[in-house]
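Peer 1: Just passing along the structure, written as structure tokens.
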Amino acid sequence: MKLLLVCLLLAAVTTLTKGRRALCNPGTWCPYGGRSYIFIATPKSWAYAQMFCQSLGGTLAVIHNRNTNDFLRTLSSRMDTWIGFSDAQYNGVWLWINSERVVFRNWCRGEPNNSGGNQDCAIINFKGEDCWDDEVCMANRPFVCERENE
Ligand SMILES: [Ca+2]
Ligand SMILES: [Ca+2]
């Protein structure tokens, strides 16, 4: 019975993902644009999310263009999701966790607003929308990791 359910689920996922550029099974690394990404649905604080990504051989995901943004938006099912973008070092100075240059941003209107004076970590899919918000880093959120392809 359990096996049948798993098969049905797999069939459903396969149907849903048909036509996309890559077939990604939930909980596995998904190659895209020269890197691989994984969505972790278990909510963690930003720092613990990064540590978890490191334990998988990666970092929190970095976004350099619209295509990657859209891909991760789909991968994360449009849930509030941490990415590796933070201004914790110096408020207002947003840096990628792998130190790569910032060439793409997708802030929601009025964001980042540093609300309450301590929003230093970025999520995608704010309120389900296609834009980013700064939030309190201690908040528990799902997250996406990335790593180099083997
Ligand atoms: Ca801030
Ligand atoms: Ca905010």
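Peer 1: Among the candidates Phe85, Phe71, which residue alone is within 16 Å of ligand 1 (Cβ to nearest atom), surrounded by 19 or more Cβ atoms within 10 Å (Cβ to Cβ), not β-branched (Val, Ile, Thr) and not in a loop (DSSP other than H, G, I, E, B)?
Peer 2: Phe85
Peer 1: Hey, among the residues in segment 88-127 that are among the acidic types (Asp, Glu) and within 11 Å of ligand 2 (Cβ to nearest atom), which one's farthest from Tyr48 (Cα to Cα)?
Peer 2: As a first pass, look at segment 88-127 and keep what is among the acidic types (Asp, Glu): 100, 111, 120.
Narrowing further to those that are within 11 Å of ligand 2 (Cβ to nearest atom): 111, 120.
Values: Glu111: 24, Asp120: 15 Å.
Here the residue is Glu111.
Peer 1: Assess whether Asn125 counts as being modelled with pLDDT of 95 or more and at positive phi. Lay out the reasoning, then the answer.
Peer 2: On the way: modelled with pLDDT of 95 or more: yes; at positive phi: yes.
Taking the combined requirement at face value, the residue satisfies it.
Peer 1: Answer with yes or no whether Phe143 is under 13 Å from Val62 (Cα atoms), aromatic (Phe, Trp, Tyr) and either within 13 Å of the chain's Cα centre (by Cα) or within 14 Å of ligand 2 (Cβ to nearest atom) (or both).
Peer 2: When the stated conditions are applied, Phe143 passes them.
Peer 1: So which of Cys137, Cys108 is over 19 Å from Trp29 (Cβ atoms), among the hydrophobic types (A, V, I, L, M, F, W, C) and in contact (Cβ under 8 Å) with a residue 60 or more places away in the chain?
Peer 2: Details: Cys108 fails: in contact (Cβ under 8 Å) with a residue 60 or more places away in the chain.
None of the others qualify; the one that does is Cys137.
Peer 1: Restricting attention to segment 116-123, does a residue exist that is part of a loop (DSSP other than H, G, I, E, B), over 14 Å from the mean Cα position of the chain (by Cα) and either more than 11 Å from ligand 1 (Cβ to nearest atom) or surrounded by fewer than 19 Cβ atoms within 10 Å (Cβ to Cβ) (or both)?
Peer 2: Yes - at least one qualifying residue is present in segment 116-123.
Peer 1: All but one of (1) surrounded by fewer than 13 Cβ atoms within 10 Å (Cβ to Cβ); (2) free of Cβ contacts under 8 Å to residues at least 40 places away in the same chain; (3) over 26 Å from Trp29 (Cβ atoms); (4) of a type outside the set (Phe, Trp, Tyr) hold for Asn91; state the number of the condition that does not hold.
Peer 2: Status for Asn91: all satisfied but (1).
Peer 1: Tell me which residues, restricted to segment 104-122, are at positive phi and either acidic (Asp, Glu) or in contact with a Phe, Trp or Tyr (Cβ under 6 Å, 6 or more places away or on another chain) (or both).
Peer 2: Matches in segment 104-122: none.
Peer 1: Condition check: away from ligand 2 (no atom under 16 Å from the Cβ), outside any helix (DSSP H, G or I), basic (Lys, Arg) and crowded, with 16+ Cβ neighbours inside 10 Å. Does Arg78 satisfy that?
Peer 2: Numbers: away from ligand 2 (no atom under 16 Å from the Cβ): yes; outside any helix (DSSP H, G or I): yes; basic (Lys, Arg): yes; crowded, with 16+ Cβ neighbours inside 10 Å: no.
It is false that Arg78 is away from ligand 2 (no atom under 16 Å from the Cβ), outside any helix (DSSP H, G or I), basic (Lys, Arg) and crowded, with 16+ Cβ neighbours inside 10 Å.
Peer 1: Answer yes or no as to whether Arg66 is touching a residue at least 12 places away in the same chain (Cβ under 8 Å), within 16 Å of ligand 1 (Cβ to nearest atom) and of a type in the set (Lys, Arg). Write out each step before concluding.
Peer 2: Values: touching a residue at least 12 places away in the same chain (Cβ under 8 Å): yes; within 16 Å of ligand 1 (Cβ to nearest atom): no; of a type in the set (Lys, Arg): yes.
No, not satisfied.
Peer 1: Any idea how many residues of segment 4-50 are at pLDDT below 55 and among the polar types (S, T, N, Q)?
Peer 2: Selection size over segment 4-50: 3.
The values are calculated or read from the model by the stated rules, or taken from the named source; none is laboratory data. Predicted model only: the values in this text are computed from it and were never measured. Cβ atoms come from the backbone with ideal geometry, glycine included; neighbour counts cover every protein chain shown.
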